[in-house]
1. Would you please name the residue that is farthest from Pro233 (Cα to Cα), looking only at residues in the range 197-217 that are assigned to a loop (DSSP other than H, G, I, E, B) and free of Cβ contacts under 8 Å to residues at least 40 places away in the same chain?
2. Those residues that are part of a loop (DSSP other than H, G, I, E, B), surrounded by fewer than 21 Cβ atoms within 10 Å (Cβ to Cβ) and modelled with pLDDT of 95 or more, I need them from the range 67-99; list them, please.
3. If you go through the range 224-241 one residue at a time, how many are buried (at least 19 other Cβ atoms within 10 Å of the Cβ), at pLDDT below 95 and part of a helix (DSSP H, G or I)?
4. Can you report the number of residues in the range 27-52 which are within 28 Å of Leu86 (Cβ to Cβ), modelled with pLDDT of 95 or more and not β-branched (Val, Ile, Thr)?
5. For the range 107-128, give me each residue that is without any contact (Cβ under 8 Å) to a residue 60 or more places away in the chain and either more than 15 Å from Asp43 (Cβ to Cβ) or under 15 Å from the mean Cα position of the chain (by Cα) (or both).
6. Just one of Leu80, Leu94, Leu45 is touching a residue at least 60 places away in the same chain (Cβ under 8 Å) and either out of contact with any helix residue (DSSP H, G or I) (no Cβ under 8 Å at 6 or more places or on another chain) or of a type in the set (Asp, Glu) (or both); which is it?
7. Could you pull out the residue among Ala216, Ala182, Ala201, Ala197 that is within 15 Å of Gln154 (Cβ to Cβ) and at pLDDT 90 or above?
8. Scan the range 102-128 for residues that are buried (at least 20 other Cβ atoms within 10 Å of the Cβ) and within 25 Å of Lys205 (Cα to Cα) and jot them down.
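The values are calculated or read from the model by the stated rules, or taken from the named source; none is laboratory data. These numbers come from a predicted model, not from an experiment. Here the Cβ is made from the backbone with ideal geometry for all residues, glycine too, and neighbour counts use every protein chain on show.
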Amino acid sequence: MAEGASISGRGTVYLVGAGPGDPDLLTLRAARLIGAAELIVHDGLVDEAILALAPAGAELISVAKSRARHTLPQDEINALLVREALSGRDVVRLKGGDPFIFGRGGEEMDACTAAGVPVEVVPGISAAIGCAAEAHLPLTHRGLSSAVTFVAGQCQGLAEQNWAGLAGKDRTLVIYMGIASAPLISEKLIADGVSPAMPVAVLEKGTRADSRILSATLAGLAEVVAREQVVSPALIVIGDVAGRAEEQTLRQLESRAREAVK
């Protein structure tokens with residue numbers, strides 16, 4: 001990828017957002033960089049169809065993370081990017097969603113900058129934006145929501161988080177990485193004063209062929225997640241706009257039933 005070459009001989013690190021999963025949602029810049037890459041360092045949530053856009057000779061390194069296992073700790077990922085760029089290679093660091101929305105892109109950018117490595121950030125469609133669009137759930141809507149907040153819902157530190165006022169009338173709360181913590185999230189928000197009857201939508205594997213849209217109330221969130229055996233990647237959308245999820249779930253089931261008959 002000659003465009004990243006510099007006089008110093010150092011490569012460029014491209015922090016590229018791969019979007020929520022569907023390759024058609026890649027930006028043109030992202031698709032061009034992937035298609036010309038010699039080295040791609042990618043997250044586990046990047047769809048195989050997106051990785052297939054890389055040249056046949058490209059080296060692909062997975063640094064997939066899960067709640068119980070990290071292929072590489074973040075410090076080692078940072079060091080990998082710096083080391084490869086200092087050796088003269090351009091690196092496409094491919095992330096699900098957007099690099100700066102719970103993607104640790106800021107940490108990787110800081111590490112590269114500190115080492116004198118050029119960085120370009122290529123934004124992607126974040127999971128919240130892409131998955132909500134597929135589900136026909138407007139995160140803001142006149143008369144229903146004039147504010148939207150994104151939060152991380154992992155168990156660690158959850159009790160210490162101040163979520164007061166983030167969910168309720170005229171606002172939408174989108175929770176990333178919260179499926180395993182669904183019971184605690186429900187309890188915490190209800191304890192903070194959110195109505196147990198507040199509509200909730202669970203968007204599982206959004207924009208992918210096996211996506212699901214599940215509707216619930218805040219009080220019933222944990223039950224739905226357990227009963228339907230929801231798996232990551234999945235988002236939890238809380239607010240009046242999520243009340244549209246039941247209608248969209250029915251439409252999705254009808255559409256898939258029609259496809260099965262063909």
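1. The selected residue is Ala197.
2. Matches in the range 67-99: Ser87, Gly88, Arg89.
3. 1
4. Qualifying residue count for the region: 12.
5. Of everything in the range 107-128, those that are without any contact (Cβ under 8 Å) to a residue 60 or more places away in the chain and either more than 15 Å from Asp43 (Cβ to Cβ) or under 15 Å from the mean Cα position of the chain (by Cα) (or both) turn out to be Asp110, Ala111, Thr113, Ala114, Ala115.
6. Answer to the check: Leu45.
7. Going through Ala216, Ala182, Ala201, Ala197 in turn, just one is within 15 Å of Gln154 (Cβ to Cβ) and at pLDDT 90 or above: Ala182.
8. Passing the criteria: Gly103, Gly105, Val122, Gly124, Ile125, Ser126, Ala127, Ala128.
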